[in-house]
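This report refers to the structure that appears directly beneath it.
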Amino acid sequence: MDDYKITFDLIDTDKDGRISAEELVRLMEVLGRPITLDAAQAGVDRLDRDGDGRIDAEELGAFLTA
Ligand SMILES: [Ca+2]
Ligand SMILES: [Ca+2]
C-alpha cells in the first residue's frame, strides 16, 4: 500500500473514501493546529480536481507526490 493511502485512511475517519472539510478540521485539531471550517474548505477546494468538493485518494496522492 502506498504511503499516501495510509495517510488518507487516517484522515478519512468515516471511511467513505473522501476527505471532507469537516475531516480536515478534525485532523488539524489532532495535530494541534486548529483551523476554521472555512479554511479547511479552502484547502479542500485547492486539492479538489474533479470538483466534487471533497478529496479522494487520487487527489491526495497527486498533492503529496507533486
Ligand atoms: Ca470521509
Ligand atoms: Ca474531488
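The values are calculated or read from the model by the stated rules, or taken from the named source; none is laboratory data. The shown structure was predicted, so the numbers you read here are calculated from the model rather than taken from an experiment. Cβ sites come from the backbone with ideal geometry, for glycine too, and all protein chains shown count toward neighbours. The accessibility values were calculated without ligands, DNA or RNA, using every heavy atom of the protein model including side chains. Shrake-Rupley method; radii C 1.70, N 1.55, O 1.52, S 1.80 Å.
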Legend entry - The listed residue being in contact with a helix residue (DSSP H, G or I) (Cβ under 6 Å, 6 or more places away or on another chain) and in contact (Cβ under 8 Å) with a residue 24 or more places away in the chain, out of Leu37, Leu64: Leu64
Inset, instruction - Among residues belonging to the stretch 30-41 that are surrounded by fewer than 13 Cβ atoms within 10 Å (Cβ to Cβ) and part of a helix (DSSP H, G or I), point out the one that is farthest from ligand 1 (Cβ to nearest atom). - result: Asp38
Inset, instruction - Can you work out which of the residues in the stretch 42-59 that are more than 10 Å from ligand 2 (Cβ to nearest atom) and without any contact (Cβ under 8 Å) to a residue 12 or more places away in the chain is surrounded by the most Cβ atoms within 10 Å (Cβ to Cβ)? - result: Ala42
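Regarding Val25, is this residue open to solvent by 80 Å² or more (accessible area, probe 1.4 Å) and free of Cβ contacts under 8 Å to residues at least 40 places away in the same chain? Steps first, please.
Working: open to solvent by 80 Å² or more (accessible area, probe 1.4 Å): no; free of Cβ contacts under 8 Å to residues at least 40 places away in the same chain: yes.
Against the criterion (open to solvent by 80 Å² or more (accessible area, probe 1.4 Å) and free of Cβ contacts under 8 Å to residues at least 40 places away in the same chain), Val25 does not qualify.
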Inset, instruction - Considering each residue of the stretch 2-22, count those that are among the aromatic types (Phe, Trp, Tyr) and surrounded by 18 or more Cβ atoms within 10 Å (Cβ to Cβ), and give that number. - result: 1
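Residue by residue, here is whether (1) modelled with pLDDT of 95 or more; (2) more than 16 Å from ligand 2 (Cβ to nearest atom); (3) of a type in the set (Asp, Glu) holds:
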position: Lys15; (1), (2), (3): yes, yes, no
position: Ser20; (1), (2), (3): yes, no, no
position: Gly32; (1), (2), (3): yes, yes, no
position: Gly61; (1), (2), (3): no, no, no
Legend entry - Answer residue from the stretch 14-29, given it is farther than 23 Å from Thr65 by Cβ and in contact with a helix residue (DSSP H, G or I) (Cβ under 9 Å, 6 or more places away or on another chain) and is farthest from ligand 1 (Cβ to nearest atom) among those: Val25
